[in-house]
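Undergrad: Quick one: the structure is below, and I'll ask about it shortly.
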Amino acid sequence: MKKTLLVCLILSFIDFIYAVNDDLILEDKFPKKLSSFSFFQDNGAQSPTEGVLPYELISALFSDYSYKQRWVYIPKGEQASFRQDEVFDFPVGSALIKTFYYPMDERDLNLGQRLMETRLLLRKENGWEAVSYAWNETQDEAFIKKAGKTILNEWIDFNGDTRSVRYRVPNKNQCKECHANNDAMSPIGPKARNLNKVFQYSDESINQLTKWMKLDFISTVSEELNTPVDWNETNHLLDERARSYLDINCGHCHSSSGAANSTGLYLNLTETREKHIGIYKKPVATGRASGNLKYSIVPGKPEESILLQRMISTDPGIMMPESGRSLSHTEAIELIEKWILSL
Amino acid sequence: MQNLLLITLLVISSLSLSSKQVVLGPSSDSQEEIQEALIDLEPGDVLTLKSGEYFFEDGISLDVDDVIFEGSGINETILNFGSQVSGAQGLLVTSNGVTIRDFAVLDAKGDAIKVIGADGINMVRLRTEWQGGPKETNGAYGFYPVESKNVLIDGCVAIGASDAGIYVGQSQHIIVKNSIAQYNVAGIEIENSFYADVFDNIASHNTGGILIFDLPDLPQQGGHHVRVFRNKAINNDTDNFAPEGNIVGEVPRGTGIIIQANSEVEVFDNDIYGNGTVNLSIVTYGYETEDENYNPHPKSIQIHGNRFGEGGFDPDVETGELASILFALSEGDMPDIFWDGILPTSQLILGQPDNEKLVMSNNGDATFLTLNPIKYMLPFFDPVERDIAEYDGEIRPLPPVVLN
């Protein structure tokens, strides 16, 4: 009897330690250390606390070849609600957690990794707030970096070549540059359509939306999701792959309600007007970033298309996106080049 | 005495309760220090940078409402972005009710100062400059407020932008005054904007001095109610160095003022001279567009009481088509004021409503040239008309812009 009590006590104590700190998510001030939130059970932030669920997106934003691991947390008893073509409407107290890292060697992921930063989007009473925590050298704690940080990193890529990156942890304002929609902060990734794929959970392999319903994270989704394709999967149509890549990499700013709406260039998946997708569209306030070219996209002529040239460039006055990239995304450049040739 | 001390203490403590002033000087870590200070400001606060030069590798940004970010003088506090490796502009402001003043932003890789989506932005005694002179590789804009309301640019200096020194785009309620724009492609450009007063400025040694433009396929278009007065649009003589593809790349060297599309534009009491192609040009948007909501024609334009001097003495036939067309039409006798005469088709037949007609009064001995589109289409008629007196008419002054 005594023994059982003791076990119970220990168990509840463990539960107490490994429970997400709900109050901290709602507080005005951010804690200095990532570990204060208790999203993870270990200092290296690899094993999530119960209730913190990993997820993946079908098509992901390019961030200088870094790898990303994502988790969602919804307070117990609460639910997110489905919105057509938009991110889920998450309840107050929710958190989206994303860790950026580089493997030591992409040819063998078991050789370990180096964590760069963990970004949080926290759903407070008055809306979403973004903050980033940069990992220390010893990789056992991440510290708040409101003004951003530069981390120099090297890794070995799939071809065995050593690559280096001047990785930028964004500052608080830069988070907003991409995440502002109609002036309010908003997540970008977790739309139902981007989650509509099978994921290997620790206990089962199942469609993520089904899993979220099983866990009562959500109650319903529409059947018409406009699910994008993984731009990286060559068995899909070229047009679908290209539009999917542009949607997730550009469409959060380049849409009629995004931060770049003054350009008139809209690359979100639901845009259908050729001019606004960039075809024979003249630049507006592009300056030298036009690279002496006349149109965003000239069908059949990638070398004359500003859009592609700005993807290739790494000059801060020219390149797109404006932040979060210092390297060219070679594979995507090939994709968009082929797509423009095919138009 | 004790009372005075008490009062002083009370004032100090109440000030410190409601707002704070943060003062920073140059350091080896200015990037992080200044960016962190900008993030940590609260409404009512002031961030002051002491005299000196501050170096940045990344852009910096401000997103807190109702704060002041100031330096200690246009030549004393220098924000140097010459070694910038990331960020599409030097300084970005995205919040409301902000005043920035008394510093310079030099050699940004993209735009120097960009303000987006702000209601209330005061840019006072600031300088943006690319120090290597006019170059295609300079950033596009010096001052670049866009999608903003209640925009004040006062006592600023803009030098060397490869597009426009001072560019206000898709904004409303704008005052640009007491400022100097030199060695840019466009000195001052008001584009797709409503209610702008541009006065007491000097636009010289640019490719084009002052541009009032409207472009299609944008969230805000149909620019209107722009007053341009008491400016000097003089000696604009820099070769066009804009990268191709940009609308200002079409501006010929030696243009004083251009009005393109737009309605309700009043240009008065300006000094306009020393512009080798044309002192003042009023033109239709020259490209095809499928945008049904866009009006490519300028209308309700009033030009009065300006002082025109020498112009058209060195037409830039290399850039765009305007100068060569004008040179051919005028047979070398270049006018001070050119209107392309293009009207919507319906108005060619039915005539232009009186309130939309171009009015030009009291401009001294300014010369004029336009094309009569009907004569242009018929054989045996000379379409060129040069009688400015035909456009004399009553001036309907536009109301002044009031900022909130």
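Listed here are the residues, each with its yes/no results for (1) within 12 Å of another protein chain (Cβ to nearest Cβ); (2) of a type in the set (Asp, Glu).
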residue: A:Met185; (1), (2): yes, no
residue: A:Ile188; (1), (2): no, no
residue: A:Glu204; (1), (2): no, yes
residue: A:Leu225; (1), (2): no, no
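Undergrad: Also: Just the residues that are β-branched (Val, Ile, Thr) and buried (at least 20 other Cβ atoms within 10 Å of the Cβ), please, taken from region A:16-51.
TA: Hits for region A:16-51 are A:Val20, A:Ile25.
Undergrad: I've got another one for you. Do you know which residues across region A:282-293 are touching a residue at least 24 places away in the same chain (Cβ under 8 Å) and crowded, with 22+ Cβ neighbours inside 10 Å?
TA: A:Gly287, A:Arg288, A:Ala289
Undergrad: Residues in region A:300-309: is at least one in a helix (DSSP H, G or I), small (Gly, Ala, Ser), more than 14 Å from every other protein chain (Cβ to nearest Cβ) and out of contact with any Lys or Arg (no Cβ under 8 Å at 6 or more places or on another chain)?
TA: Within region A:300-309, none of the residues are in a helix (DSSP H, G or I), small (Gly, Ala, Ser), more than 14 Å from every other protein chain (Cβ to nearest Cβ) and out of contact with any Lys or Arg (no Cβ under 8 Å at 6 or more places or on another chain).
Undergrad: Right, another one. Going by the conditions given, is A:Leu120 of a type in the set (A, V, I, L, M, F, W, C), in contact with a Leu (Cβ under 8 Å, 6 or more places away or on another chain) and not in a helix (DSSP H, G or I)?
TA: Yes.
Undergrad: Based on what the data block shows, is B:Asp217 touching a His at 6+ places or on another chain (Cβ under 9 Å) and in a loop (DSSP other than H, G, I, E, B)?
TA: yes
Listed here are the residues, each with its yes/no results for (1) closer than 30 Å to A:Lys149 by Cβ; (2) touching a residue at least 60 places away in the same chain (Cβ under 8 Å); (3) in contact with a Phe, Trp or Tyr (Cβ under 9 Å, 6 or more places away or on another chain).
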| site | (1), (2), (3) |
| --- | --- |
| A:Tyr295 | no, no, yes |
| A:Met311 | yes, no, no |
| A:Ser328 | yes, no, no |
| A:Glu337 | no, no, no |
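Undergrad: Here's another thing I want to ask about it. Please identify the pairs in which a residue from region B:163-175 that is on the phi > 0 side of the Ramachandran plot has its Cβ atom under 6 Å from the Cβ atom of a residue that is part of a strand (DSSP E or B) and hydrophobic (A, V, I, L, M, F, W, C), counting only partners at least 6 apart or on another chain.
TA: Once the first residue is on the phi > 0 side of the Ramachandran plot and sits in region B:163-175, its partners that are part of a strand (DSSP E or B) and hydrophobic (A, V, I, L, M, F, W, C) give B:Gln170/B:Val146.
Undergrad: Then there is this: Among B:Ala161, B:Ala140, B:Ala181, B:Ala186, which is crowded, with 24+ Cβ neighbours inside 10 Å and away from chain A (no Cβ under 14 Å)?
TA: Residue meeting the stated conditions: B:Ala181.
Undergrad: Can you tell me which residue in region B:327-379 is surrounded by the most Cβ atoms within 10 Å (Cβ to Cβ), limited to those that are in contact with an Asp or Glu (Cβ under 6 Å, 6 or more places away or on another chain) and closer than 18 Å to B:Gly276 by Cα?
TA: Here the answer is B:Ala366.
Undergrad: Do we have A:Leu225 as over 28 Å from A:Lys281 (Cβ atoms), in a loop (DSSP other than H, G, I, E, B), in contact with a helix residue (DSSP H, G or I) (Cβ under 7 Å, 6 or more places away or on another chain) and not assigned by TED's automatic domain parsing to the domain that holds A:Val131 here?
TA: When the stated conditions are applied, A:Leu225 passes them.
Undergrad: When region B:248-292 is examined, which residues are found to be in a loop (DSSP other than H, G, I, E, B), under 27 Å from B:Ala328 (Cα atoms) and of a type in the set (Asp, Glu)?
TA: Within region B:248-292, just B:Glu288 meets the criteria.
Undergrad: Turning to a different aspect of this structure: Go through (1) in a loop (DSSP other than H, G, I, E, B); (2) in contact (Cβ under 8 Å) with a residue 40 or more places away in the chain and name the single condition B:Glu244 misses.
TA: Just one mismatch for B:Glu244, condition (2).
Undergrad: I'm checking my understanding of the structure. Among residues of region A:314-343 that are modelled with pLDDT of 95 or more and polar (S, T, N, Q), which one is surrounded by the fewest Cβ atoms within 10 Å (Cβ to Cβ)?
TA: Across region A:314-343, the extreme among qualifying residues is A:Thr330.
Undergrad: B:Gly208 is checked against (1) within 14 Å of another protein chain (Cβ to nearest Cβ); (2) within 26 Å of B:Thr137 (Cβ to Cβ) and fails just one. What number does that condition carry?
TA: Going through the list (1) within 14 Å of another protein chain (Cβ to nearest Cβ); (2) within 26 Å of B:Thr137 (Cβ to Cβ), B:Gly208 breaks only (1).
Undergrad: Okay, next question. Just for region B:162-209: of the residues that are among the charged types (D, E, K, R) and in a loop (DSSP other than H, G, I, E, B), which one is modelled with the lowest pLDDT?
TA: Checking each candidate, the answer is B:Asp163.
Undergrad: Follow-up question, since we're still on this one. It is to be established whether one or more residues within region B:106-117 are closer than 28 Å to A:Pro170 by Cα, of a type in the set (Asp, Glu) and buried (at least 23 other Cβ atoms within 10 Å of the Cβ).
TA: yes
Undergrad: Can you find, within region B:288-318, the residue that is farthest from B:Met360 (Cα to Cα) among those that are under 22 Å from the mean Cα position of the chain (by Cα) and within 14 Å of chain A (Cβ to nearest Cβ)?
TA: B:Tyr294
Undergrad: Out of B:Glu42, B:Glu57, I need the residue that is within 8 Å of chain A (Cβ to nearest Cβ), without any contact (Cβ under 8 Å) to a residue 40 or more places away in the chain and surrounded by fewer than 23 Cβ atoms within 10 Å (Cβ to Cβ). Which one?
TA: B:Glu57
Yes/no per residue for (1) basic (Lys, Arg); (2) within 14 Å of chain B (Cβ to nearest Cβ):
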site	(1), (2)
A:Phe88	no, no
A:Arg114	yes, no
A:Ala130	no, yes
A:Trp135	no, no
A:Val165	no, yes
A:Ala180	no, yes
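Undergrad: Moving on to the next point. From the list A:Ile248, A:Ile279, which residue is farther than 30 Å from B:Asp214 by Cβ, of a type in the set (A, V, I, L, M) and touching a residue at least 24 places away in the same chain (Cβ under 8 Å)?
TA: A:Ile248
Undergrad: So, one more: Consider A:Phe37 against the criteria (1) modelled with pLDDT of 95 or more; (2) within 30 Å of A:Asp105 (Cβ to Cβ); (3) in contact with a helix residue (DSSP H, G or I) (Cβ under 7 Å, 6 or more places away or on another chain): it satisfies all of them except one. Which criterion is unmet?
TA: Failing condition for A:Phe37: (2).
Undergrad: Something else now. What strands (runs of 3 or more DSSP E) completely inside region A:124-173 contain at least 1 residues that are farther than 30 Å from A:Phe88 by Cβ?
TA: Per the criteria, A:149-156, A:162-169.
Undergrad: Could we say that B:Leu62 is within 19 Å of B:Gly90 (Cβ to Cβ) and within 13 Å of chain A (Cβ to nearest Cβ) here?
TA: yes
Undergrad: Given the condition polar (S, T, N, Q), in contact (Cβ under 8 Å) with a residue 12 or more places away in the chain and on the phi > 0 side of the Ramachandran plot, answer yes or no: does some residue in region A:193-214 qualify?
TA: Scanning region A:193-214 turns up no residue that is polar (S, T, N, Q), in contact (Cβ under 8 Å) with a residue 12 or more places away in the chain and on the phi > 0 side of the Ramachandran plot.
Undergrad: Something else: Would you pick out the residues in region B:197-220 that are over 28 Å from B:Val317 (Cα atoms), surrounded by fewer than 24 Cβ atoms within 10 Å (Cβ to Cβ) and of a type in the set (A, V, I, L, M)?
TA: B:Leu218
Undergrad: Now, a different point. With away from chain A (no Cβ under 14 Å), among the hydrophobic types (A, V, I, L, M, F, W, C) and in contact (Cβ under 8 Å) with a residue 40 or more places away in the chain as the only criterion, which of B:Ile78, B:Ile74, B:Ile100, B:Ile68 stands out?
TA: Checking each option against the conditions leaves just B:Ile74.
Undergrad: Consider A:Asn249 carefully, then state whether it is in contact with a helix residue (DSSP H, G or I) (Cβ under 6 Å, 6 or more places away or on another chain), surrounded by 16 or more Cβ atoms within 10 Å (Cβ to Cβ) and more than 9 Å from chain B (Cβ to nearest Cβ).
TA: No: the conditions fail for A:Asn249.
The values are calculated or read from the model by the stated rules, or taken from the named source; none is laboratory data. Everything numeric in this text was worked out from a predicted model, so none of it was measured. Positions of Cβ are generated from backbone atoms using ideal geometry, with glycine treated the same way; all protein chains shown enter the neighbour counts.
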